[in-house]
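Student: Please find one structure pasted underneath; my questions will follow.
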């Protein structure tokens, strides 16, 4: 049973560019959350998607946006990249109203 | 707001030593509490959880008890192994409207020496 799949695994972008990260949730899961983990820190909640809508958002600027598709997969988009956006971006999936997030291995984004 | 405070690392132990990683939280209501583990180059894996006061979560020899009176969820293991070397995160989850989000501590790096 495949878990949460994220792509790409690593990415290098230039400041000011835009990036799209992708996530396929675990089979049977319908809710996707995105987290940003800066080096040496704990993950910070960006937002959560359910039924193709953003259900909750953390303290991140509008440069961070997302989308969920009918097959429950999700994308995270970041516009106008800053050096401070360099981090590991984690996707987590779950079944709505049930605890137990499953995390992917993450996408390591480096902004230069 | 909700927050999690973890014991500062890094922690270095010899194999078979006793492990304690302290975790305290601040939250309104009754959050669920979790310990996650992150091995190098990997995502987070759920280690154990507790959903109400006095619950004890356990897995792979690790234990943690939900202490509401002290707002703590300390992680313990009686005899660590080299393979336990990883970063450990304490976290809580709560419902905000219809959503549920995790709030993490800053993590504690554990290194176990043979």
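Student: At 7 Å along the Cα-to-beta-carbon direction for both residue B:42 and residue B:81, put a label point, then send me their distance in nm to one decimal.
Tutor: Between residue B:42 and residue B:81, the label points sit 1.3 nm apart.
Student: If each residue of separation counts as 0.36 nm, what is the full-extension length gain between residue A:11 and residue A:59 once their alpha-carbon separation is subtracted?
Tutor: 14.9 nm
Student: Residue B:69 versus residue A:22, label points 7 Å from Cα toward the beta carbon: distance in nm?
Tutor: Roughly 5.4 nm, to one decimal.
Student: Would you mind listing how long segment B:27-112 runs along its three principal axes, going by Cα atoms, in whole Å with the largest first?
Tutor: Extents along the principal axes, in whole Å: 40, 27, 18.
Student: Over all residues in A:88-96, what is the mean tally of Cβ atoms on other chains that come within 10 Å of each residue's Cβ?
Tutor: Shielding by partners across A:88-96 averages 2.
Student: In a GNM of chain B with a 10 Å cut-off on Cα contacts, which of B:63, B:42, B:16 has the highest mean-square fluctuation?
Tutor: Of B:63, B:42, B:16, the Gaussian network model singles out B:42 as fluctuating most.
Student: So, one more: In what sequence do A:83, B:44, B:13 fall when counting other Cβ within 10 Å, fewest first?
Tutor: A:83, B:13, B:44
Student: Still on this structure, I have one more. Can you pull the mean other chain C-beta count within 10 Å for peptide B:29-42?
Tutor: What the average comes to for B:29-42 is 2.
Student: Per residue of A:100-107, how many C-beta atoms from partner chains lie within 10 Å of its own C-beta, taken as a mean?
Tutor: Average per residue, whole number: 5.
Student: Where the centroid of each part is defined by its Cα atoms, how far is segment A:1-57 from segment B:40-88 in Å?
Tutor: Taking the Cα centre of segment B:40-88 as reference, the centre of segment A:1-57 is 25 Å away.
Student: Going by how many other Cβ atoms sit within 10 Å of their own, how do B:71, B:28, A:110, B:108 line up, fewest first?
Tutor: In increasing order of surrounding Cβ atoms, one gets B:28, A:110, B:71, B:108.
Student: If you don't mind, another one. With the crude spin-label approximation of a point 7 Å out along Cα→Cβ, what separation in nm comes out for residue A:38 versus residue B:60?
Tutor: 2.8
Read-outs throughout are calculated quantities, based only on the coordinates presented, and are distinct from any laboratory measurement. What you see is a predicted model; the values in this text were computed from it and never measured. Neighbour counts are summed over all protein chains in view; Cβ atoms, including those assigned to glycine, are modelled from backbone coordinates with ideal geometry.
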